[in-house]
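First the structure, in the form of structure tokens, and then the observations on it.
The values are calculated or read from the model by the stated rules, or taken from the named source; none is laboratory data. These figures come from a predicted structure and were not determined experimentally. A quick note on method: Cβ atoms are made from the backbone with ideal geometry, for glycine too, and the neighbour counts reach across all protein chains shown.
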């Protein structure tokens, strides 16, 4: 049942769509369509969320870590707002409240709702508490504030940061934090649309993970590639089959993100100790195979003291492109490659996406979780 205040807020929705307030696009978002056409009510786009694990405050004044405590491994629906906002924020909050009603007992267990303020200087916990009560927020719907230098990186990771917080984008994100699969809805998605996405993500979790060897070989491809020692290897049969792997994407002439990623992976390797090469294998795929010959990869591996259990791959460009495409990491401009890590237990079919700049301890924790589930037969 909708609450009266929520009905009033939703009553402004139609007017807002025609009034056309000038909201700023978040930094790094695509340009709007040409021709002056108005955007649809909800424009859905898949995104990669590299959430920082900064400490924030919830509406009760409790300290929480954004990635590990708030997102965790849950299915999450997240919006941004500020308490003194007069139109857009109450509409989005009303949609979230309707979704809360539809979720019932799933809220706080299977699914979490999260609202992050874009005005942390004003929105202290008591103001968030009052705002939450206005929308009858229940346990499982978390409102977040904190220091400006902590909120800013969160908003940037969400694609919601603007220099003028009053011009923040109208958007809601829905994602599976366990798998790293997120969709950003610009505009005003309905509670029904959001619930459908939540149900889709929940259903995907219940699908049996194990696939036959032939199915996995077909999906990942078994294309011949070349490792840093000049040996031809089949991607599935020789590199992936039966292993727990950490897959990264690099190129040897990269001077910005790759060295940071490699330094982090080197620390992860050290923390893994004897597991490295025995229970866990690293796979670094060059996204610049035309320049990254096996000889170049060999020197690169030695520079980072890669050692046993760490395979560097190159090969024909069309083959590398197809492999990166199958892994969801293809880009036409290799210099724009992702810093994402793919952590996978190939045997069980369990995969997670992890930002490559996460603390090495956090990455090792995710690897250990995969190993633990394998040992328990999950």
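Side notes on the structure shown:
- Being without any contact (Cβ under 8 Å) to a residue 60 or more places away in the chain and outside any helix (DSSP H, G or I) is a description that does not apply to residue 229.
- Scanning the stretch 82-123 for residues that are free of Cβ contacts under 8 Å to residues at least 40 places away in the same chain and over 28 Å from residue 203 (Cα atoms) yields 84, 86, 89, 117, 120, 121.
- Count of the stretch 272-297 residues which are touching a helix residue (DSSP H, G or I) at 6+ places or on another chain (Cβ under 7 Å) and either buried (at least 16 other Cβ atoms within 10 Å of the Cβ) or not assigned by TED's automatic domain parsing to the domain that holds residue 364 (or both): 11
- From the list 97, 42, the lone residue that is at pLDDT below 90 and over 23 Å from residue 163 (Cα atoms) is 42.
- Qualifying residue in the stretch 175-187 (condition: touching a residue at least 40 places away in the same chain (Cβ under 8 Å) and at positive phi): yes
- Qualifying residue in the stretch 280-291 (condition: modelled with pLDDT of 90 or more, part of a helix (DSSP H, G or I) and under 20 Å from residue 223 (Cα atoms)): no
- Any chance residue 196 is out of contact with any strand residue (DSSP E or B) (no Cβ under 9 Å at 6 or more places or on another chain), part of a loop (DSSP other than H, G, I, E, B) and assigned by TED's automatic domain parsing to the domain that holds residue 109: no
Results for (1) at pLDDT 95 or above; (2) within 26 Å of residue 359 (Cα to Cα); (3) part of a loop (DSSP other than H, G, I, E, B); (4) over 20 Å from the mean Cα position of the chain (by Cα), shown as yes or no for each residue.
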| residue | (1), (2), (3), (4) |
| --- | --- |
| 69 | no, yes, no, no |
| 73 | no, yes, yes, no |
| 89 | yes, no, no, yes |
| 102 | yes, no, no, yes |
| 119 | yes, no, yes, yes |
| 126 | yes, no, no, yes |
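Residue-wise test of (1) in contact with a helix residue (DSSP H, G or I) (Cβ under 6 Å, 6 or more places away or on another chain); (2) assigned to a helix (DSSP H, G or I); (3) surrounded by 14 or more Cβ atoms within 10 Å (Cβ to Cβ).
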| position | (1), (2), (3) |
| --- | --- |
| 166 | no, yes, yes |
| 175 | no, no, yes |
| 182 | no, no, yes |
| 186 | no, no, yes |
| 203 | no, yes, no |
| 215 | no, yes, no |
| 238 | no, yes, yes |
| 254 | no, no, yes |
| 268 | yes, yes, yes |
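- Of the numbered criteria (1) farther than 25 Å from residue 229 by Cα; (2) in a loop (DSSP other than H, G, I, E, B), the one residue 307 fails is (1).
- Flag if residue 80 is more than 20 Å from residue 176 (Cα to Cα) and in contact with a strand residue (DSSP E or B) (Cβ under 7 Å, 6 or more places away or on another chain): no
- Test: residue in the stretch 331-353 that is surrounded by 15 or more Cβ atoms within 10 Å (Cβ to Cβ) and assigned to a helix (DSSP H, G or I): yes
- Residue match in the stretch 108-122 (condition: under 17 Å from residue 83 (Cβ atoms) and surrounded by fewer than 16 Cβ atoms within 10 Å (Cβ to Cβ)): yes
- Selection status of residue 273, at positive phi and part of a helix (DSSP H, G or I): yes
- Of the candidates 234, 278, the single residue that is farther than 20 Å from residue 325 by Cβ and free of Cβ contacts under 8 Å to residues at least 40 places away in the same chain is 278.
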